[in-house]
Structures are given as structure tokens and as C-alpha cells.
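Heads up: the structure comes next, in C-alpha cells.
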Amino acid sequence: GEKRQFDFKPRSHVELCEKLKLVDFERATKLSGSGFVLYTHWGARLERALIQFMLDLHTLEHGYTEVSPPFLVGPHCLEGVGQFPKFADQYYAAQEGLDPATLGRLYLIPTAETPVANIHREEILAEAQLPLNYCAYTPCFRGEAGAAGVGTRGMIRVHQFDKVELIKIVKPEDGYAEQEKMLANAERVLQLLGLHYRVVLLCTGDLGFASARTYDLEVWAPGQGSYLEVSSVSNCEDFQSRRMNLRYKTAAGDNRHPHLLNGSGTALARCFVALVETMQQADGSVVIPPALQPYLKAERISP
């Protein structure tokens, strides 16, 4: 969508969420401390509608297979996708009861990429099975080091947020063409929601540890007066498949490492922010995009 021009000063998502009772920031802090969100009433329904809309779009129109993975994984899964050991200080380690010996056997997932990309670890797939396209909704958990600026009031930097993730396991020669498809799939979410966004091709110095090429999708949030990253679409080539010993057998009988791709389709908290700030009206209400109305069962959220 085009960058919307307002004939009034656009409110921030914090002001809108409080006025419309979409989010209770104070009680979220009472429950869990800073960096957490308590969605309420229409806010909770809007979050659920966004998740369902994204899952339906990716499964019914884009051809992904939906999975619902565990939210706790072993450290081998974090190592497989390249999040361990480099970023070990950013994640939540779980402990079973009072037994400190169990600390670190399981970790809360920082993204659905962690479990979903590992589904076929230590397997040899048949070439005919590729490409594999998965999508998953999960909450994501990021510790203090992985959520810089988390003390800032609002929903932009938080410890827990919802996300719909896309994963592709593909033949090496198809990797970059499949990345372009994944980028288009993520863009379609923002297009249908009527949100203005830009695509950024990251320079080498900004690439993630595992990535060979990454596009960022940044959505415009008029209340913030800035762009917010809502998706990173990355081709990790065979970096991850080698770490998790994932291979496929070619028609000629050779074992090769497939390329793994991941992308957000999209991150919900920031998409929520951009949506309410973009669709706000002068009277304080928020108009719901037509694509989302069947899921929310409403055309507008009013004070």
C-alpha cells in the first residue's frame, strides 16, 4: 500500500491500544515484568485473527504444509540452525522442577525456525520429496540480550511475541529462486492488509550468522514515524543442513546437503502495531482491512 497521509496527528499504538482497550500494558508488567503484552477483548481477537489469516494464506494459497511444533527444544536444535553457541546468552533455558542438573536440557524457542528447520535432521530424504514447504505459528521467546530496548513501553521490543514462520528445504540449484518465492509470500501478507512497506537487501556486514542472503521487510508505522522490521527472509544455503546432518539422495544415488530457507510470514506484534497505527481514524477507531474482516467478524474497532 501507499504511505498514508493523515489530516490529523496519528496516535501511537500505545495510545490507541489503551483507548480501545486492546492491550493492558500495566497488568502485563504486573504479571511478568517489562517486555510482555496482555492482549484484551478486541486486541486478543485481532491477534488471533491475524494469526489465522496468515496461516490460511500460506497454506491454502501459497502451498505450505502447516505444522505445530513443540515450544521447548533441546540445545542440539539451536546448534543445528546456528543459534548456539554464538547467541547462547539470548535465550530462556528451562529447568525441571527444583533439579538444577536439568537446566539447559530444554530451551524456549526464539522462533519457529528452531524446531521446524530441524524436523528432518539426521535424515536422508529422497530428491523427489523436495522442495518441502512448512509454515508454523508459535510464540517466540527472547531474553534481554536478544530484545534490545525491551524496557521501552509498547509492543515493538518484547520478550514474548507471536509469529508465523515459513521454512523451505530445497535443492541447492533452486535455493535462490525459492527465496524469491518466499519473499513474495511474506509480502502478500502486508499487501492484503493494506500496509506500506519496503524491501531491504542486507549487506554482508548485517547478515545473520547462518545466512548467505537476507531480505528484510520493513513496514511503515505512522505513529512511530519509522519503519519496523516484520520479516527477514534468508537463504542459509547448506550451512544449517550440514550442522544437523540433513541430506537428500539424488536420482544418481549421491547424497547432498539441501539448502534451507526461513522467513517470517510475519511477526505479529509489529504487524499489529503497524495495522492499528495505519488504519486509525480521527475519532480514535481502527478500520479493519477487508482481508481480515472474515476472521475478526468486524469492520471496525471503536472506542
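The values are calculated or read from the model by the stated rules, or taken from the named source; none is laboratory data. From a predicted model like this one, the values you see are computed outputs, not experimental measurements. Ideal geometry is used to build each Cβ from the backbone, glycine not excepted, and the neighbour counts take in all protein chains shown.
Of note:
- Within the stretch 198-223, considering residues that are in contact (Cβ under 8 Å) with a residue 60 or more places away in the chain and part of a strand (DSSP E or B), the one surrounded by the fewest Cβ atoms within 10 Å (Cβ to Cβ): Trp220
- Which listed residue, of Tyr137, Tyr107, is crowded, with 17+ Cβ neighbours inside 10 Å and more than 29 Å from Val189 (Cα to Cα): Tyr107
- One residue stands out among those in the stretch 252-287 that are over 18 Å from Trp220 (Cβ atoms) and crowded, with 24+ Cβ neighbours inside 10 Å: the one that is modelled with the lowest pLDDT, which is Gly265.
- Cβ separations smaller than 7 Å between residues 6+ apart or across chains give the following pairs from the stretch 85-109 residues that are within 20 Å of Thr138 (Cα to Cα) to residues that are part of a loop (DSSP other than H, G, I, E, B) and hydrophobic (A, V, I, L, M, F, W, C): Ala93/Leu103; Leu108/Phe71; Ile109/Phe71.
- Odd one out for Leu78, checked against (1) surrounded by fewer than 19 Cβ atoms within 10 Å (Cβ to Cβ); (2) part of a helix (DSSP H, G or I): (1)
Per-residue answers, yes or no, for (1) farther than 19 Å from Met279 by Cβ; (2) among the β-branched types (Val, Ile, Thr):
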{"site": "Arg157", "(1), (2)": "yes, no"}
{"site": "Glu173", "(1), (2)": "yes, no"}
{"site": "Leu195", "(1), (2)": "no, no"}
{"site": "Val199", "(1), (2)": "yes, yes"}
{"site": "Val219", "(1), (2)": "no, yes"}
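- The stretch 110-134 - residue that is farther than 25 Å from Met54 by Cα and touching a Lys or Arg at 6+ places or on another chain (Cβ under 8 Å) and, of those, surrounded by the most Cβ atoms within 10 Å (Cβ to Cβ): Leu125
- Failed item in (1) in a helix (DSSP H, G or I); (2) surrounded by fewer than 24 Cβ atoms within 10 Å (Cβ to Cβ); (3) touching a residue at least 40 places away in the same chain (Cβ under 8 Å), with Pro294 passing the rest: (3)
- Failed item, numbered, when Ser226 is tested on (1) modelled with pLDDT of 95 or more; (2) under 18 Å from Arg4 (Cβ atoms); (3) touching a strand residue (DSSP E or B) at 6+ places or on another chain (Cβ under 9 Å): (1)
- Flag if Gly43 is surrounded by 20 or more Cβ atoms within 10 Å (Cβ to Cβ) and more than 30 Å from Ile169 (Cα to Cα): yes
- The set of residues from the stretch 240-251 being modelled with pLDDT of 95 or more and either surrounded by fewer than 20 Cβ atoms within 10 Å (Cβ to Cβ) or more than 24 Å from Cys77 (Cβ to Cβ) (or both) comprises Arg242, Asn245, Arg247, Lys249, Thr250.
- The set of residues in the stretch 1-27 being free of Cβ contacts under 8 Å to residues at least 12 places away in the same chain and either assigned to a loop (DSSP other than H, G, I, E, B) or within 21 Å of the chain's Cα centre (by Cα) (or both) consists of Gln5, Lys9.
- Arg270 meets the conditions (1) out of contact with any helix residue (DSSP H, G or I) (no Cβ under 7 Å at 6 or more places or on another chain); (2) part of a loop (DSSP other than H, G, I, E, B); (3) under 26 Å from Glu66 (Cα atoms) in every case but one. The failed one is (2).
- Of the residues making up the stretch 178-194, one or more are small (Gly, Ala, Ser), part of a helix (DSSP H, G or I) and either under 18 Å from the mean Cα position of the chain (by Cα) or buried (at least 17 other Cβ atoms within 10 Å of the Cβ) (or both).
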